[in-house]
Structures are given as structure tokens and as C-alpha cells.
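This report refers to the structure that appears directly beneath it.
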Amino acid sequence: DSQVYEGMMTMVTSQESVEAINRSADLVQFHAGYINDLDAIVGDGEHGINLAKAFKRVQEKLPPIHKENFGVFLKGVGIELIASGGGAGTTFYGMAFLAAGKAAGNAEEMDAALLREIFSAGLEDILKRGGASRGDKTMIDALGPAFEKLDESIQSGKDVPEALRSAVAGARAGAISTKEMLGKKGRSLYSSERALGTPDPGASSAYVILCGLADVEPELPL
């Protein structure tokens with residue numbers, strides 16, 4: 001119908017995507033301390049600082065990796081995140097960007113349909129590599145609901161900015177829900193009782209990253 005068609009026709013350029021990645025990088029660096037504090041409850045307390053360093057590296061490399069098509073651009077972001085050596089969480093994000101870049105192919109502009117495709121590819125990659133399910137108190141508990149809300153929004157004919165804002169709402173609700181979960185995967189498995197009542201650091205960082213992409217200010221603490 002015309003409503004769906006209208007949403008699909010709103011295109012995002014690669015330059016706008018560069019600005020979105022820059023916003024995410026700035027937010028991750030600004031809120032690194034908060035994410036670190038959450039990570040200290042379940043691990044070594046370095047998820048925030050590792051992610052901040054990784055995204056700073058991405059920002060420094062953005063001019064050369066900013067190409068005309070989304071595939072090259074997203075893969076470039078993924079490569080730099082992985083190359084930062086910032087631990088498992090950072091690597092998961094990096095691999096997700098690589099998968100998203102593969103899904104994007106040679107597209108030079110992004111509509112809502114392509115956004116759905118690349119988000120889905122990134123999420124599937126994390127699910128496959130991490131082996132976590134919803135309810136395990138991991139980043140999947142934020143990214144899963146984020147994709148569901150994004151998908152619903154796109155199906156109803158919303159454009160890229162609106163779909164991303166819907167994803168943020170899903171991620172926030174998902175991250176908050178991890179406060180009442182007992183960890184079943186990764187570090188949170190070994191400190192599940194101690195971490196009860198606090199949100200998962202990976203779910204929280206996923207929320208912050210999505211806020212940057214959507215140009216929404218994170219509501220923290222969760």
C-alpha cells in the first residue's frame with residue numbers, strides 16, 4: 001500500500017551513516033564508565049573502556065573506510081572494531097558489522113527494507129557465534145527486542161529514522177529486563193546472584209550504540 005511504499009522510499013546515504021556511527025562512538029565513549037561499572041559486577045570491568053577504545057579507532061579510520069557503498073563501509077567498521085582487540089563483546093559487535101556489510105552488498109543508499117536486512121544479518125551472526133538465547137542475560141536480550149520493534153515499525157510503513165527509534169525503545173526495555181535475570185552465559189554465569197538487580201553490560205552497551213544510530217539521547221542509568 002502507499003504507506004508502506006512511502007516508508008521504503010526514504011533513503012539514507014552513506015554520509016548520514018558515517019554521522020550515525022560517529023554519534024554511537026561518542027556516546028559509547030561518554031558512557032564508558034557506566035558500562036564499566038556494570039561489567040565490574042560480572043567480569044573485569046573493562047567492557048566500557050574496551051568498547052570506547054574500539055569505537056575511537058573506528059572514528060579515526062572513518063575517512064579511509066568511508067566508501068560509496070554500504071557493504072564496504074559496514075565491513076570497514078567491523079574490521080576496525082575487531083582489530084582493536086577489545087575483548088569478546090567488542091568482537092561480537094565487529095563480527096555483526098561484517099555480517100551486516102555482507103548483507104548490504106553494493107547498495108549505495110539504504111531504505112527501511114535494507115535496514116531490516118542488515119540488522120537481521122548482524123543479529124543472526126551474534127546469535128550463532130555467542131550461542132546465547134533470550135533470557136540468558138546478554139546483549140541478545142536488548143538486540144532481540146530491538147529487532148522485533150524495528151521489524152514491526154518497518155512492516156507498518158515507517159521510514160529508517162522512525163524504525164531506528166522503535167529499535168531503541170525495544171533495546172531499552174530489553175536491557176532493563178535483564179536486571180531481573182540470572183546470567184546463564186559468559187561471565188554473568190559465574191556471578192549471577194551478585195548481578196541480580198543490575199542490567200547486563202552487553203545489553204546496556206547495545207542500547208547505547210543503538211541510541212547513537214537513531215540520534216536519541218540514552219536514558220541512563222537503566
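So is PRO199 in contact with a His (Cβ under 9 Å, 6 or more places away or on another chain) and either outside any helix (DSSP H, G or I) or surrounded by fewer than 18 Cβ atoms within 10 Å (Cβ to Cβ) (or both) or not? No; evaluated as a whole, the condition is false for this residue.
Matching residues to (1) open to solvent by less than 30 Å² (accessible area, probe 1.4 Å); (2) in contact (Cβ under 8 Å) with a residue 12 or more places away in the chain:
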| site | (1), (2) |
| --- | --- |
| LYS102 | no, yes |
| MET110 | yes, yes |
| LEU114 | yes, yes |
| GLY131 | no, yes |
| ARG134 | no, no |
| LEU143 | yes, yes |
| GLY157 | yes, yes |
| ALA169 | no, yes |
| SER177 | no, yes |
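So GLY85 ticks every box in (1) in a helix (DSSP H, G or I); (2) surrounded by fewer than 23 Cβ atoms within 10 Å (Cβ to Cβ) but one. Which box is left unticked? Of everything listed in (1) in a helix (DSSP H, G or I); (2) surrounded by fewer than 23 Cβ atoms within 10 Å (Cβ to Cβ), GLY85 misses just condition (1).
Can you spot a residue in region 65-78 that is touching a Pro at 6+ places or on another chain (Cβ under 9 Å), open to solvent by less than 30 Å² (accessible area, probe 1.4 Å) and over 18 Å from ALA206 (Cα atoms)? Full working, then the answer.
The initial filter retains those residues of region 65-78 that are touching a Pro at 6+ places or on another chain (Cβ under 9 Å), namely 76.
Retained after the next criterion (residues that are open to solvent by less than 30 Å² (accessible area, probe 1.4 Å)): 76.
Applying the additional criterion that residues be over 18 Å from ALA206 (Cα atoms) yields 76.
Yes, some residue in region 65-78 is touching a Pro at 6+ places or on another chain (Cβ under 9 Å), open to solvent by less than 30 Å² (accessible area, probe 1.4 Å) and over 18 Å from ALA206 (Cα atoms).
Test SER133 against the criterion of being within 23 Å of GLY71 (Cα to Cα), hydroxyl-bearing (Ser, Thr, Tyr) and either assigned to a helix (DSSP H, G or I) or at pLDDT below 95 (or both), and give yes or no. Criteria not met by SER133.
The values are calculated or read from the model by the stated rules, or taken from the named source; none is laboratory data. Being a predicted model, the structure only gives us computed values, none of them experimental. Using ideal geometry, Cβ is built from the backbone for each residue, glycine included, and neighbour counts are taken over all protein chains shown. Each accessible area value is taken on the protein alone, full model and side chains, heavy atoms only, with ligands, DNA and RNA left out. Shrake-Rupley method; radii C 1.70, N 1.55, O 1.52, S 1.80 Å.
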